[in-house]
Ligand code: C2E
Ligand code: CA
Ligand code: CA
Ligand code: CA
């Protein structure tokens, strides 16, 4: 117990302090990190479940911190959202990724290439409410010469729950231009399935928790029914279904049988440098 005159610091939790200091340190270091070019992007292929071909990739940002090494986005995206730096950071990620898609498309080329490689980019809720989103996206597509339908913006389900028309307007504009909007982490929120019709989305990204439940064989029959139901509802609304977190061939096969369209996960490839995706896609296009 704490007694008068006792050491006040006895009650402190040194680990919590260290975490707070790091959080504070990281937060204040963010703007300079963007200027110094400490962020980089890894790409993880999106694979067509029907024929196994690579159709595109998701861009996933990382921070090469001079002291702490490579930091995952879970460590710094929330901080960037909190300070507003997510807007310029997100714009940077979008521009880099779309440029990269352009490079892949040029190098893949060829009349029999199965369509241009597509690029998926995550949008944080703060970017959605930022007035520059539509114009920034249009500018980036024009500068790079990438077609809008080669771009997919991923928005989490929770960001759109209860969204009013003002929030949906920029997404509608983008969707009308041909940009795909994906509902990320689908199934983790309080999905109002009927609400889907109202949203300008064309892709559902089924959360990794569903994929994990396909780990056992035979999979839990209730989980199978749920995924089957989501897929058939999605398809009846003209939405494509992408599954995340596929780690085994058995999961991929199960999800293919359930009618999912596209998959992403360590079974195919971990997120990696852009050259890696090019190798995977090129092998696939010629083989
Ligand atoms: P997310 O959008 O749900 O991205 C999928 C996460 O699952 C990535 O984690 C990816 O590396 C990981 N993953 C992929 N395949 C597998 C698998 O087979 N098994 C397992 N266990 N995990 C897998 P990562 O790269 O750490 O990113 C975490 C989150 O950070 C992302 O989740 C996304 O919400 C956010 N994020 C990443 N890049 C950006 C960005 O540029 N902007 C914004 N706003 N958020 C980003
Ligand atoms: Ca995502
Ligand atoms: Ca996700
Ligand atoms: Ca996630």
In the stretch 35-84, the residues that are away from ligand 4 (no atom under 16 Å from the Cβ), under 19 Å from residue 154 (Cβ atoms) and out of contact with any strand residue (DSSP E or B) (no Cβ under 6 Å at 6 or more places or on another chain): 80
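Quick check on residue 202: is it closer than 23 Å to residue 83 by Cα and within 16 Å of ligand 2 (Cβ to nearest atom)?
On the way: closer than 23 Å to residue 83 by Cα: no; within 16 Å of ligand 2 (Cβ to nearest atom): yes.
Here the answer is no, as residue 202 does not meet what is asked.
Can you tell me which residue among 150, 175, 163, 159 is away from ligand 3 (no atom under 16 Å from the Cβ), at pLDDT below 95 and surrounded by 15 or more Cβ atoms within 10 Å (Cβ to Cβ)?
Numbers: 150 fails: at pLDDT below 95; 175 fails: at pLDDT below 95; 159 fails: away from ligand 3 (no atom under 16 Å from the Cβ).
Step by step, each of 150, 175, 163, 159 is checked, and only 163 is away from ligand 3 (no atom under 16 Å from the Cβ), at pLDDT below 95 and surrounded by 15 or more Cβ atoms within 10 Å (Cβ to Cβ).
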The one condition in (1) under 19 Å from residue 86 (Cα atoms); (2) touching a helix residue (DSSP H, G or I) at 6+ places or on another chain (Cβ under 9 Å); (3) within 16 Å of ligand 2 (Cβ to nearest atom); (4) modelled with pLDDT under 95 that residue 185 fails to fulfil: (1)
Strands (runs of 3 or more DSSP E) wholly inside the stretch 8-88 containing at least 2 residues that are within 16 Å of ligand 3 (Cβ to nearest atom) and modelled with pLDDT of 95 or more: 39-48, 54-65
Residue match in the stretch 88-111 (condition: more than 28 Å from residue 279 (Cα to Cα), surrounded by 17 or more Cβ atoms within 10 Å (Cβ to Cβ) and in contact (Cβ under 8 Å) with a residue 40 or more places away in the chain): no
Residue match in the stretch 213-235 (condition: modelled with pLDDT of 90 or more and within 16 Å of ligand 2 (Cβ to nearest atom)): no
Some residue of the stretch 218-234 being within 16 Å of ligand 1 (Cβ to nearest atom) and free of Cβ contacts under 8 Å to residues at least 60 places away in the same chain: no
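Within the stretch 144-158, work out how many residues are in a helix (DSSP H, G or I) and under 17 Å from residue 120 (Cα atoms).
Our first condition is that a residue be in a helix (DSSP H, G or I); within the stretch 144-158, this holds for 144, 148-150, 157-158.
Next cut, under 17 Å from residue 120 (Cα atoms) only: 144, 148-150, 157.
So the count comes out to 5.
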Considering residues of the stretch 168-212 that are free of Cβ contacts under 8 Å to residues at least 40 places away in the same chain, over 19 Å from the mean Cα position of the chain (by Cα) and over 22 Å from residue 141 (Cα atoms) only, the residue nearest to ligand 1 (Cβ to nearest atom): 190
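The values are calculated or read from the model by the stated rules, or taken from the named source; none is laboratory data. Just so it is clear, the model here is predicted, and its values are computed rather than measured. Here Cβ is always computed from backbone atoms with ideal geometry, including for glycine, and neighbour counts include all displayed protein chains.
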